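J.: Before I ask anything, let me first share the structure, which is written out below as structure tokens.
The values are calculated or read from the model by the stated rules, or taken from the named source; none is laboratory data. A quick note: this is a predicted structure, and the numbers were derived from the prediction, not measured. Virtual Cβ from ideal backbone geometry, glycine too; neighbours counted across all protein chains shown. Surface accessibility is based on the protein's heavy atoms, side chains included, excluding ligands, DNA and RNA. Shrake-Rupley method; radii C 1.70, N 1.55, O 1.52, S 1.80 Å.
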Amino acid sequence: MHKDPDQHYLQAILAQTPLRGKTILEFGCGAGGITRQLAPHAARIIAIDPDRQQLEKARTALTGNAVEFIQADDGMPDLAEGCADIVLYSLSLHHIPCQQVSAHLRYAAARLGRNGEILAIEPGASGPFIEAKKRFGVGSGDESPAIQAAWEALQALPGWQVTGVYPFMVDFLFSDVADFLRYKNAGVQESEQSCNPELADFLAQHRAMDGIRLGSERQLYRLIRTQS
């Protein structure tokens, strides 16, 4: 399975803000999927995640780039104020416990320089991949309460305003049905996996020249300061 083979995350970000010469503070980088897209365009990326194993995968894939990886259990390492130009939440804000989101946003905002901005990419509500999650139990299930809480926290961040909400689509590309089943049933023995007729018909509807493509909506939120 390949996430976002056409680099739509990068296209969406570049459509809203230039990256050349900028330092990006990325929260929730995971295995570095979005980090890899950004690295050739930014001066520096400080990529943070609580998961050591995911960070090791990201380090392996990004050797030689101007990227620093930091493991932090609470997602808030000891970084100097004003150290970054852009804060990016990579599909991560809704994973922060609801009672901690506001504090995390304040911490992140304090890491930005005078003209800094906050970008938050969050899951949307449409697309065949979202339908697959609902109908066939793919992925992380219903995240809508956490996503709503993250959105409300963004709107309530003191001294900042949401200047726009930009929807875009990304693809999950599966080489074939077996590849999809491995992703859907991670941890299940391959011999135990099966594709029921309803699921087989759904996947057939989304077959493309290069495999099975399931689109998923994303929302890009952009925030700027309202006061100096």
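J.: What ³J(HN,Hα) values, in whole Hz, does the Karplus curve 6.51 cos²θ - 1.76 cosθ + 1.60 give for the stretch 116-132 when θ = phi - 60°, with x put for Gly and Pro?
T.: x, 9, 10, 10, 10, 9, 10, x, x, 10, 10, x, x, 5, 4, 4, 5
J.: How high is the FRET efficiency from D74 to R135, r the C-beta distance, R0 25 Å, rounded to 0.05?
T.: 0.10
J.: Same structure again: Hey, can you find the accessible area per residue of the stretch 1-132 for me, probe 1.4 Å, expressed in square angstrom?
T.: Heavy-atom accessible area per residue stands at 45 Å².
J.: How far is the Cα center of the stretch 138-184 from the Cα center of the stretch 40-75, in Å?
T.: The two parts, judged by their Cα centres, are 21 Å apart.
J.: While we're looking at this one, here's another question. Amide H of A47 versus every other amide H placed in the peptide plane: which residues, excluding those fewer than 5 positions away on the same chain, fall under 5 Å?
T.: Long-range HN contacts for A47: E26, E68, F69, I70.
J.: Give me, ordered by chain and number, the residues 5 or more places off F172 or on other chains with an amide H under 5 Å from its own placed amide H.
T.: D4, L214, G215, S216
J.: Extending each Cα 7 Å along its Cβ direction at T163 and A186, get the distance between those two points in nm, one decimal.
T.: Roughly 3.5 nm, to one decimal.
J.: Any chance you could run the full-extension gain for C83 through D51? It's 0.36 nm times the residue separation minus the Cα-Cα distance, nm to one decimal.
T.: Full extension of this stretch gives 9.2 nm more.
J.: Kindly state, to the nearest 0.05, the FRET efficiency for A61 paired with T226, given R0 = 41 Å and r defined as their beta-carbon distance.
T.: 0.65
J.: Then there is this: Rounded to the nearest percent, how much of the accessible area of the stretch 80-202 (1.4 Å probe, protein heavy atoms only) is carbon and sulfur?
T.: Of all accessible area on the stretch 80-202, carbon and sulfur atoms account for 49 percent.
J.: Okay, moving on. I need the calculated FRET efficiency for the pair Q100 and M209, taking r as the beta carbon distance and R₀ as 41 Å, to the nearest 0.05.
T.: So the FRET efficiency works out to roughly 0.40.
J.: While we're looking at this one, here's another question. Per residue of the stretch 169-180, in order, report the coupling 6.51 cos²θ - 1.76 cosθ + 1.60 (Karplus, θ = phi - 60°) as ³J(HN,Hα) in whole Hz, putting x for Gly and Pro.
T.: 10, 10, 10, 9, 9, 10, 5, 6, 4, 4, 5, 4
J.: I would also like to ask the following. Show me, for the stretch 157-164, the HN-Hα J-couplings you get by feeding each phi into the Karplus relation (A = 6.51, B = -1.76, C = 1.60, θ = phi - 60°), rounded to Hz, glycine and proline as x.
T.: For the stretch 157-164, the Karplus curve yields 5, x, x, 9, 9, 7, 8, x Hz.
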